[in-house]
Amino acid sequence: MLEFFFNPSSVAVVGATPKEGKVGRVILENFKNKFKGEIYPVNPHYQEILGLKAYASVQEIPGRVDLVVIATPARTVPGVLEDAGVKGVKGAIIISGGFRETGTQEGAMLEDEVKRVAARHGIRVIGPNCIGVLDNWSGVDTFFLPEDKMRRPPRGYVSVISQSGAFASALLDWMAHHGYGLSKAISFGNKIDVDEVELLNYLAEDPTTNVIFLYLEGVREGRGRDFIDTARKVSRVKPVVVYKAGKTKRGGIAAASHTAALAGDYTLYITVFKQSRLLEAVSFDEIMDLVKVLSTQPLMKGRRVYIVTDAGGVGVMLTDAIELNGLEVPETPADLKERLRSVLPPHCIVENPIDLTGDTDDQRFITVLNELLPRNDVDAVVVVALPQIPGLRGELFEYLVKAKVYGKPLLVVLIGGELALKYKKFLEENGIPVFESPERLARALSALYTYSRIRMQGGVS
Amino acid sequence: MNAGSIVETALREGRSKLLEHEAMRLMELYGIKVADYGFAESGREAREVADKIGYPVVVKVVSPDISHKTDVGGVVLGLKSGEEVERACEAITKNVRERQPGARLTGFLVQKMMPPGVEVIIGATRDQVFGPVIMFGLGGIFVEVLKDVTFRVAPVSYQDAIEMLGEIKASRILEGYRSQPPVDKEAIAGMIVSLSKLMEDNPYIISVDLNPVIAYSRGAVVVDARVIVSRASVVNR
């Protein structure tokens, strides 16, 4: 339904300009650098912009136009949209600000006018007052932040929906820095038309999206039921991580009853997320923790977690954290204990958390993991490999990448400096999530388990 | 009278709160069990109602102008005879005249005094975004101080309702503790489902507090119901 926003065959950039530092220039450059379809700059003052033939209006463009990106002053937007409507354009991304968000009557009236024109011509709208769409696969990129200021993440399978454009930009820059892949990012600003409900629906069907992250300030009045129904449906297909901004109490609504007084805004959203089977990240850290585990790890069939460690203390910390998050660190079954005793030196601890102690080497880890990973009573394995010990040389990490064939969640704790970071980079590039904090690992693993249960329950409510 | 006309009457008369007996009747229409009750316009009538219900009873003031009955001395508990009922009605009239002089007195609600049990609260509110939302919690300090409550956006299924009972922190109290038998969870869950239905059927009801509902090992009974209505525009109708 919204395909033309992400995969248009042609796009018109209205307000395109050769002037350095202008929004209309950055957007045009973005398209020019990455987009494979037709690009038409629209600006009556130029014959040519950045080597592309410019047009005075959308109607003058000879070929078909699927998408217009509008970056002209607010008061001109209804006219531009009218022009696009006559041309038969399907979608408009309105970057321009100066509408309802200004709190002025003029802004609100302009916004209503935009809505009317769009409705009359059947144009779907993202925005206004937004940074629009970044699609790493098609090259659509209306983010008007230049690449040297906001790096684009590598191509990947995580998509981001954000009400806030600024937060989306910061998050993407951060993802780029940490090497996390992105499929699509959408920021819809004033949300006069396309909203999170439709975008969730679209991304559910998108073959290049495996995990969706939704930054939400609030759902539109009267749209709550659709939001719940859609989110529930989408969660059956792929995980949706949600972060709710504005957690403090809503003012203004006179509490007519006890119940109304207790049903604070955020309380209600927690309920809604639970009912919608969304996975809530409660902090910034958690957003990416959850996303990185959910986007790389297979489903977790049960709650039994085994820990293999070279540091007893961290093994205990991790055990506490995992159990506190509702998962289980079971005792090693008798037959496995026997197996482990026969292959390990006598000073190793075969009870879960399995402690290989500080004199371990790569091979000792590999031997134990070869025993653990194929077992049906092992649902996930966490490896604590503090790299400071002399015996670890890196083979373990190569083994872990290959061990993905066992189809079980496999996570790693690495604490330390440069060496730890080097291994972390290697592992994460190969789809093995690495954490420094046992608590954060436990929380993310628990979200994976929650999601696995949602998937296994299937259509059951 | 059906549910719609109870609400309609209140709105037509410019009331935002249903009268006590209207609220009770509304609950009954949805199969929500309430303590035996009757409405009386005078002390003598109250006595007749009490005789029919059986003692002990409670008498509560019914007035469109009073929102917190106890605060104005509008509730008398544990009445064991007809004389006590008549005297209670007189006392309530006097109290209200003194403490809220302008308040209209519609009459009295006479209710069967329920034996002690586990007090719970079941409530509903209508949210602008999500529509009807149903709440469950334990009564008294659990709700007042600890805010130990849980919510669901309607429609709430029976399964959802059973889950809600398990979600509050003090849910063990429902299981029975210190030799108390467990409460009738099915009965509470049934009320939650019925309230969800009530909210979906009646768009002008904007909130309901069933507080307290007394739960027993068999059954649960609404002792007080507060229903707020409004014609003000709410999107989720």
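Would you point out the residue of region B:116-139, among those that are without any contact (Cβ under 8 Å) to a residue 40 or more places away in the chain and within 16 Å of the chain's Cα centre (by Cα), that is nearest to the other protein chains (Cβ to nearest Cβ)? Of everything passing the filter in region B:116-139, B:Met135 is nearest to the other protein chains (Cβ to nearest Cβ). Residue selection: A:Asn190 satisfies the criterion of being surrounded by fewer than 24 Cβ atoms within 10 Å (Cβ to Cβ), part of a loop (DSSP other than H, G, I, E, B), at negative phi and of a type outside the set (A, V, I, L, M, F, W, C).
Applying the selection to region A:218-250, what residues are hydrophobic (A, V, I, L, M, F, W, C), in contact with an Asp or Glu (Cβ under 8 Å, 6 or more places away or on another chain) and surrounded by fewer than 18 Cβ atoms within 10 Å (Cβ to Cβ)? Result: A:Ala245, single match. The set of residues in region B:171-220 being within 13 Å of another protein chain (Cβ to nearest Cβ), farther than 19 Å from B:Val145 by Cα and of a type in the set (D, E, K, R) consists of B:Glu200 alone. Hey, does region B:25-39 have a residue that's aromatic (Phe, Trp, Tyr), in contact with a strand residue (DSSP E or B) (Cβ under 7 Å, 6 or more places away or on another chain), outside any helix (DSSP H, G or I) and within 17 Å of B:Val96 (Cβ to Cβ)? Yes - at least one qualifying residue is present in region B:25-39.
So is A:Pro18 crowded, with 19+ Cβ neighbours inside 10 Å and either at positive phi or assigned by TED's automatic domain parsing to the domain that holds A:Gly88 (or both) or not? Criteria not met by A:Pro18. So is A:Val401 out of contact with any His (no Cβ under 8 Å at 6 or more places or on another chain), in a helix (DSSP H, G or I), under 26 Å from A:Ala447 (Cβ atoms) and in contact (Cβ under 8 Å) with a residue 24 or more places away in the chain or not? Yes, satisfied. Within region A:62-93, track down each residue that is outside any helix (DSSP H, G or I) and free of Cβ contacts under 8 Å to residues at least 60 places away in the same chain. Scanning region A:62-93 gives A:Pro62, A:Gly63, A:Arg64, A:Val65, A:Val68, A:Ile70, A:Thr72, A:Pro73, A:Gly88, A:Ala92. For region B:196-234, give me each residue that is assigned to a loop (DSSP other than H, G, I, E, B) and either closer than 22 Å to B:Ser5 by Cα or not assigned by TED's automatic domain parsing to the domain that holds B:Gln128 (or both). Once the filter is applied, which keeps residues that are assigned to a loop (DSSP other than H, G, I, E, B) and either closer than 22 Å to B:Ser5 by Cα or not assigned by TED's automatic domain parsing to the domain that holds B:Gln128 (or both), region B:196-234 yields B:Asn202, B:Pro203, B:Tyr204, B:Asp224, B:Ser230, B:Arg231, B:Ala232, B:Ser233, B:Val234. Quick check on B:Glu163: is it without any contact (Cβ under 8 Å) to a residue 12 or more places away in the chain, among the acidic types (Asp, Glu) and under 30 Å from A:Arg220 (Cα atoms)? The answer is yes for B:Glu163. Consider A:Pro374 carefully, then state whether it is surrounded by fewer than 16 Cβ atoms within 10 Å (Cβ to Cβ), assigned by TED's automatic domain parsing to the domain that holds A:Ile307, under 22 Å from A:Leu299 (Cα atoms) and not basic (Lys, Arg). Criteria met by A:Pro374.
Looking across region A:198-224, the residues that are within 14 Å of chain B (Cβ to nearest Cβ) and within 27 Å of A:Met150 (Cα to Cα) come down to A:Leu216, A:Glu217, A:Gly218.
Here B:Lys52, B:Lys69 are screened, and the one residue that is crowded, with 16+ Cβ neighbours inside 10 Å and either more than 14 Å from chain A (Cβ to nearest Cβ) or under 30 Å from A:Gly224 (Cα atoms) (or both) is B:Lys69. Condition check: hydrophobic (A, V, I, L, M, F, W, C), surrounded by fewer than 17 Cβ atoms within 10 Å (Cβ to Cβ), free of Cβ contacts under 8 Å to residues at least 40 places away in the same chain and within 14 Å of chain A (Cβ to nearest Cβ). Does B:Ile168 satisfy that? Here the answer is no, as B:Ile168 does not meet what is asked. Consider region B:142-158 and keep the residues that are under 18 Å from the mean Cα position of the chain (by Cα), hydrophobic (A, V, I, L, M, F, W, C) and farther than 17 Å from A:Asp265 by Cβ. The one that is nearest to the other protein chains (Cβ to nearest Cβ) is B:Val143.
Quick one: how many residues across region A:152-178 are in a loop (DSSP other than H, G, I, E, B), within 21 Å of A:Val69 (Cα to Cα) and modelled with pLDDT of 95 or more? Of the residues in region A:152-178, 1 are in a loop (DSSP other than H, G, I, E, B), within 21 Å of A:Val69 (Cα to Cα) and modelled with pLDDT of 95 or more. Filtering region B:74-87 to residues that are out of contact with any Gly (no Cβ under 8 Å at 6 or more places or on another chain) and surrounded by 17 or more Cβ atoms within 10 Å (Cβ to Cβ) leaves B:Gly74, B:Val75, B:Val76, B:Leu79, B:Gly82, B:Glu84.
Being crowded, with 17+ Cβ neighbours inside 10 Å, away from chain B (no Cβ under 14 Å) and free of Cβ contacts under 8 Å to residues at least 40 places away in the same chain: is that true of A:Ser169 here? Yes.
With respect to A:Tyr449, is the statement that it is farther than 19 Å from A:Tyr306 by Cα, buried (at least 20 other Cβ atoms within 10 Å of the Cβ) and either outside the structural domain of A:Thr319 (by TED's automatic domain parsing) or not aliphatic (A, V, I, L, M) (or both) true?
So A:Tyr449 does not fit the description; no.
With respect to the stated conditions, B:Ala161 is within 26 Å of A:Ile270 (Cβ to Cβ), modelled with pLDDT of 95 or more and within 14 Å of another protein chain (Cβ to nearest Cβ).
The values are calculated or read from the model by the stated rules, or taken from the named source; none is laboratory data. Only a predicted model underlies this, so the values are computations on that prediction, with no experimental measurement involved. All Cβ positions, glycine included, derive from the backbone under ideal geometry; neighbour counts span all protein chains shown.
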